[in-house]
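The values are calculated or read from the model by the stated rules, or taken from the named source; none is laboratory data. Predicted model, so just to flag it, every value in this text is computed and none were measured. Methodologically, a virtual Cβ is constructed for each residue, glycine included, from the backbone with ideal geometry; neighbour enumeration extends over all protein chains shown. These accessible areas exclude ligands, DNA and RNA; they are computed on the full protein's heavy atoms, side chains included. Shrake-Rupley method; radii C 1.70, N 1.55, O 1.52, S 1.80 Å.
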Amino acid sequence: PIGMVASVAGLVIGAGETGALVGRLLAKAGVGSLLVANRTPETARATAHPLGGRGVSLDALPGLLGEVDLVVGAATVPAPLLTRASLEPLVSGRDRPLHLLDLAHPRNFHRNVRELDGVELLDLDHVFERVDAARDARTAQVPAAEAIVGHRADEFAAWARSRRTIGVLRAVRSHVLE
């Protein structure tokens, strides 16, 4: 786990709709520092500034990776921005892990970055696997929920039937006591 959010330095790659949303979510969560990198630095600054972050050019990416704990890829690019070969010299000697979250399609981070020690990569495949697993877990609970509801419905029906007989019992009691 990354730990306390306030101590996390986050970098969002891409200042489009997804990148801006991720930036807002990180800022709302109280991330310690926020960087937004984009092809156009002006757009990066326009996205980062209202969130209390700093906007930079995508060209600055290699130098930024030593400053951050979390990198979220949300840029539309034709090829991965980070590969094992490009990332390895930047993460060797780090004293803390680098967490990568790739929300882009096509990918911003090549799958082979997983091979690096101290690099943790989650991508859309992982997100969909977790969504599917959560859905399957909920689906597996449906029979138990149906059994509980059925049992409670039976209890209610018995109670309702017993309420109908109260009038008859009162009439009998009244007749006996007269």
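Selection of the stretch 1-15 for residues being loosely packed, with under 15 Cβ neighbours inside 10 Å and either among the hydrophobic types (A, V, I, L, M, F, W, C) or modelled with pLDDT of 95 or more (or both) yields 2, 4, 5, 6.
Only residues that are open to solvent by 80 Å² or more (accessible area, probe 1.4 Å) and assigned to a loop (DSSP other than H, G, I, E, B) were counted across the stretch 107-138, and they come to 1.
Restricting attention to the stretch 23-39 and to residues that are touching a residue at least 24 places away in the same chain (Cβ under 8 Å) and out of contact with any Leu (no Cβ under 7 Å at 6 or more places or on another chain), the residue that is nearest to residue 76 (Cα to Cα) turns out to be 36. Applying the condition of being of a type in the set (A, V, I, L, M) and open to solvent by 50 Å² or more (accessible area, probe 1.4 Å) to the stretch 146-163 and asking which residue is farthest from the chain's Cα centre (by Cα) yields 153.
Listed here are the residues, each with its yes/no results for (1) under 15 Å from residue 101 (Cα atoms); (2) charged (D, E, K, R); (3) touching a His at 6+ places or on another chain (Cβ under 8 Å).
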residue	(1), (2), (3)
22	yes, no, no
28	no, yes, no
49	no, no, no
58	no, no, no
63	no, no, no
72	yes, no, no
